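Input: a single structure, listed below in structure tokens.
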Amino acid sequence: MSDQALADLKVLEYADFISGPFCTKLMADLGAEVIKIEQPSLGDPARRTGPFPNDIPHPERSGLFLYLNTNKRSMTLDPLTQTGASIFKELVKTVDILVENMPPSTMEKLGLDYESLSQLNPGLIMTSVTPFGQFGPYSHYKANDLICCQMSGLAYHTPAGGVDNPEEGPPLKPGGRQSDFIAGSTAAAATMFAVIARQTLGVGQHLDVSQQESIASFLRHQVPFYTYDPEGAYQRAFGSRARIRRGAFGYLPCKDGYVINGSREGYQWRDLMVLAAGDEWEKDERFKGALDGEFDLATFLLEWGESVRSVLLEWTMKHTTGEVTAAAQSKGIPIVPCNSTEDLFESSHLAEREFFTEIDHSQTGKLTYPGAPYQLSETPWRVDRSAPLLGQHNEEILCGKLGYSKQELVSMRESGVI
Amino acid sequence: MPKLPLEGIRVIDLTMFWSGPYATNLLASLGAEVIKIEAIQRLDGWRGGAAQVDVEKPWERSPLWNTVNTDKLDITLDLTRPRGAEIFKRLVKIGDIVAENYTPRVMKNFGLDYPVLKEINPQIIMISLPAHGSTGPWKDYPGFAASIEQMSGISQLTGYPDGPPRMTELNVSDPTAGINGMAAIMVALLCRQMTGKGQHIDLSQIEALTSFVGDAIVDYSMNRRVQPRRGNRHPSMAPHGYYRCQGDDLWVGISVSSDEEWQQFGRAIGAPSWAGEERFADSLSRWHNQDELDKLIEGWTIKRDHYEVMNTLQRVGVAAGAVLTPAEVLTDPHLKEQGVFQTVERDIVGVHPYPIPSAPMKLSESPITIRRPSPLLGEHNDYVFGELLGMSKEEIQSLVDDQITGTMPLGI
């Protein structure tokens, strides 16, 4: 018996780009068998997104695709054709889970909606991931990571700590395509829950995961601020992006990058200033009375923040992030580096935790990928196979699994079904 | 009422603040019995979050805490005392899941780490959600609000192009760990059904976040390149960003991904002459000239309401969306129709809307609502000690006298 947690689960993926594929990757890497359906000839758009080695585009070498589709099998299929739709239904009969991220009503138009498919497979769990969900005024709106970040309220609150001039500093989208990944994580959690639920309830069900809601759900505590404190401080602090808490999120530039300073207590600031400027720092006229009496962070930063920062920078700019972090941590001061991807690569911490995994691929050679978002002590996460080539498993699935002949495969290819 | 799928699952919940409690909040809303353990010597730190002072029982008034602990039960227990630890072990014996997010040495110091709990109950599933994982050189670095995003690498990729790394106001690391925690627990429950054995889940909050920028890591592996901060811009698409609209600090996001979409965009905004210019005709040219392009677009949006811009552009198939303020999240027509918030009455704070924890996953067979508001401190002491563990009233009273349990924080 396999030592992988989801070795008995069979998943069909009819999804592209990030949200659907990340959801099924989280299952594939725990042992589930995932068949990924891709558009004939074109394949998943992630294949065209990159990054590419040396920036030369190639559909089998896209970093985004390779990362998101480890452990999966690829089959080309066009469900818009009659044969294609029929093969799709045959596959649905053999799986536990279908994950799709097509615009709402697409599956219905193809005759592949939950009502139809659950009649073929009553235990089917169908997870639909879309920007705004299956119903509601925006459900047919076009969206991507940028749009979802703002429609959930996330962008309004970034960057943390606000900006000096809201007119010149627009709301900020988190780097990369994080909202797409958040939707994928939510879909995976929901799907896993539905598998458990199937055991208790005895039936499958349809899961409607909305990306906007997934992120708005992350934002939950901002909303009660409004209703708990309708005319109070929190309205002002969180209702406006103009910088209120100056320097509260202290990025300190160093020789080779940035560190972040999380000091909140008077003694931490004292110890930090001693590190930066020696025991004599308090005798400096500028800091007279800075740490007298009961310490209040906001007042401290408002009155002495600028001077403190200039003293700290004189020290940090002469050292690397590693040196500053080590010195601070040795005194119990909460400072950590703002890691770049290079830092993560070189990190002895992540190496010890075996977070990265090296995967060989026929088109790219060996590349390093991030591993599991969590570790299970008995049933490990593992990447046994790299992302598939386009249609790599057509024969295995159509002939081996579904019993079509090789000649039938040829004619399917010619007519664009696969 | 249909049975909730996680009914019969009991969670012993030591988590605090947001990341762990978010995961257990999801479990509670899906039917699990979640017993949250605090101590009168040490309340969940999140209760101090944004609570008003100079009022009665400020620890019951935190909008943060009250939002993330709906559907749970609450007891108080001092685990530093042998009697407290003993009672905890009795709960583990009748529990299915133990959840905690301390730095790794804490459970060990209590004498309550996984090897000990496994002896008591081999079926127990324990999930730890420490900031940096249970092993490795960073494991004892304290995780603090503004550290995990930075350590994970995502901050480095976020920010205006000429500025330092930035982070999200809402600490995306916490709920990310929470949602992954829920998924991990489901997986462990599935395994347990097959093997009869529990296991330990080690969820490093950093690693959960780093997985969101996996393609940037592969880029480094391929090209030894650290991707730059781009603000709201896209590596190849333009226009792509947020534009100011009418009113005080209101914005709209617009993203055009093809030449066809660009044509539609031009028509929708009234076909100004600049929309037809050569230098904006194809995506590469638009990308190169996006500084100018952004100014021209903002000249149009600044005169209009942000919802109006969104609807006008979406009608012709252009991706656009209003940048919602917190007040607008509450009143947005789409979120309203999706039923994301539920009005709940709670002692001491009254009636407020709360987001339904499992709202982002609408399940056709398991409709979810908030069944009970966040508990009061120690509200379920009698139920848990008396009914679940069979203690007598005298026994419970002696625990109160010894300050191992109680309903009022010490030192207030």
Could you please find all residues in region B:1-32 being of a type in the set (Lys, Arg) and either touching a Lys or Arg at 6+ places or on another chain (Cβ under 7 Å) or more than 9 Å from chain A (Cβ to nearest Cβ) (or both)?
B:Arg10
Among helices (runs of 4 or more DSSP H) completely within region A:113-223, the ones holding 3 or more residues that are out of contact with any His (no Cβ under 7 Å at 6 or more places or on another chain) and among the hydrophobic types (A, V, I, L, M, F, W, C) are A:145-151, A:178-201, A:211-218
So, restricting to strands (runs of 3 or more DSSP E) that lie completely within region B:178-282, which ones have at least 1 residues that are among the aliphatic types (A, V, I, L, M) and within 7 Å of another protein chain (Cβ to nearest Cβ)?
B:200-202
Conditions (1) modelled with pLDDT of 85 or more; (2) out of contact with any helix residue (DSSP H, G or I) (no Cβ under 9 Å at 6 or more places or on another chain); (3) charged (D, E, K, R); number of the one not met by A:Glu395:
(2)
Selection count where residues are modelled with pLDDT of 85 or more, assigned to a loop (DSSP other than H, G, I, E, B) and not basic (Lys, Arg), scope region A:244-283
4
Just checking, which of B:Thr80, B:Thr158, B:Thr67, B:Thr135 is of a type in the set (Val, Ile, Thr), within 12 Å of chain A (Cβ to nearest Cβ) and surrounded by fewer than 20 Cβ atoms within 10 Å (Cβ to Cβ)?
B:Thr135
Residue check for A:Ser377: at pLDDT below 90, surrounded by fewer than 17 Cβ atoms within 10 Å (Cβ to Cβ) and touching a strand residue (DSSP E or B) at 6+ places or on another chain (Cβ under 6 Å):
yes
Do you know which residues across region B:162-175 are in contact with a helix residue (DSSP H, G or I) (Cβ under 8 Å, 6 or more places away or on another chain) and facing chain A (nearest Cβ under 7 Å)?
B:Pro165, B:Arg166, B:Met167, B:Thr168, B:Glu169, B:Leu170, B:Val172, B:Pro175
Looking at A:Phe135, A:Phe193, which one is crowded, with 24+ Cβ neighbours inside 10 Å and among the aromatic types (Phe, Trp, Tyr)?
A:Phe193
Report yes if some residue within region A:385-394 is surrounded by 15 or more Cβ atoms within 10 Å (Cβ to Cβ), within 30 Å of B:Met222 (Cα to Cα) and within 14 Å of chain B (Cβ to nearest Cβ); otherwise report no.
yes
Check B:Asp347 against each of (1) free of Cβ contacts under 8 Å to residues at least 24 places away in the same chain; (2) in contact with a Pro (Cβ under 9 Å, 6 or more places away or on another chain); (3) not β-branched (Val, Ile, Thr) and name the one condition it does not meet.
(1)
Considering residues of region A:181-190 that are hydrophobic (A, V, I, L, M, F, W, C) and at the interface with another protein chain (Cβ under 8 Å from one of its Cβ atoms) only, the residue surrounded by the fewest Cβ atoms within 10 Å (Cβ to Cβ):
A:Phe181
Result of the Cβ filter at 9 Å on region B:350-372, keeping first residues that are more than 23 Å from A:Val129 (Cα to Cα) and at the interface with chain A (Cβ under 9 Å from one of its Cβ atoms) and partners that are buried (at least 21 other Cβ atoms within 10 Å of the Cβ) and of a type in the set (S, T, N, Q), at least 6 apart or interchain, is B:His352/B:Asn66; B:His352/B:Thr67; B:Tyr354/B:Asn66; B:Tyr354/B:Thr67; B:Tyr354/B:Thr70; B:Tyr354/B:Ser374
Scan region A:326-340 residue by residue and report those that are hydroxyl-bearing (Ser, Thr, Tyr) and surrounded by 13 or more Cβ atoms within 10 Å (Cβ to Cβ).
A:Ser340
Considering (1) more than 7 Å from chain A (Cβ to nearest Cβ); (2) in a helix (DSSP H, G or I), say which one B:Gln150 fails and leave the rest.
(1)
Sort through A:Pro166, A:Pro159 and tell me the only one that's under 21 Å from the mean Cα position of the chain (by Cα) and either crowded, with 23+ Cβ neighbours inside 10 Å or modelled with pLDDT under 85 (or both).
A:Pro159
Scope region A:43-88; condition part of a helix (DSSP H, G or I), touching a residue at least 24 places away in the same chain (Cβ under 8 Å) and among the basic types (Lys, Arg); matching residues:
A:Arg47
Unique match (being free of Cβ contacts under 8 Å to residues at least 40 places away in the same chain, more than 12 Å from every other protein chain (Cβ to nearest Cβ) and more than 30 Å from B:Ile125 (Cα to Cα)) among A:Lys401, A:Lys331, A:Lys406, A:Lys366
A:Lys406
State whether one or more residues within region B:331-339 are more than 8 Å from every other protein chain (Cβ to nearest Cβ) and small (Gly, Ala, Ser).
yes
Does region A:67-101 hold any residues that are at pLDDT 95 or above and hydrophobic (A, V, I, L, M, F, W, C), and which are they?
A:Leu68, A:Met75, A:Leu77, A:Ala85, A:Ile87, A:Phe88, A:Leu91, A:Val92, A:Val95, A:Ile97, A:Leu98, A:Val99
With region A:302-415 as the region, which strands (runs of 3 or more DSSP E) entirely inside it contain at least 2 residues that are closer than 25 Å to B:Pro165 by Cα and of a type in the set (A, V, I, L, M)?
A:335-337
If you go through region B:270-303, how many residues are among the small types (Gly, Ala, Ser) and under 41 Å from the mean Cα position of the chain (by Cα)?
3
Kindly check whether there is at least one residue in region A:169-180 that is under 27 Å from A:Tyr114 (Cβ atoms), facing chain B (nearest Cβ under 8 Å) and touching a strand residue (DSSP E or B) at 6+ places or on another chain (Cβ under 9 Å).
no
Can you confirm whether B:Pro142 is modelled with pLDDT of 90 or more, surrounded by fewer than 24 Cβ atoms within 10 Å (Cβ to Cβ) and not β-branched (Val, Ile, Thr)?
no
If the Cβ limit is 6 Å and pairs must be 6+ apart or interchain, which residue in region B:85-114 that is in contact (Cβ under 8 Å) with a residue 12 or more places away in the chain pairs with which residue that is part of a helix (DSSP H, G or I) and of a type in the set (Ser, Thr, Tyr)?
B:Ala99/B:Thr24; B:Asn101/B:Ser19
I'd like the residue in region A:351-363 that is at the interface with chain B (Cβ under 7 Å from one of its Cβ atoms) and either closer than 13 Å to B:Tyr220 by Cβ or in contact with a strand residue (DSSP E or B) (Cβ under 9 Å, 6 or more places away or on another chain) (or both) and, out of all such residues, is modelled with the lowest pLDDT.
A:Arg353
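The values are calculated or read from the model by the stated rules, or taken from the named source; none is laboratory data. Model, not experiment: these values are computed from the prediction. Ideal geometry is used to build each Cβ from the backbone, glycine not excepted, and the neighbour counts take in all protein chains shown.
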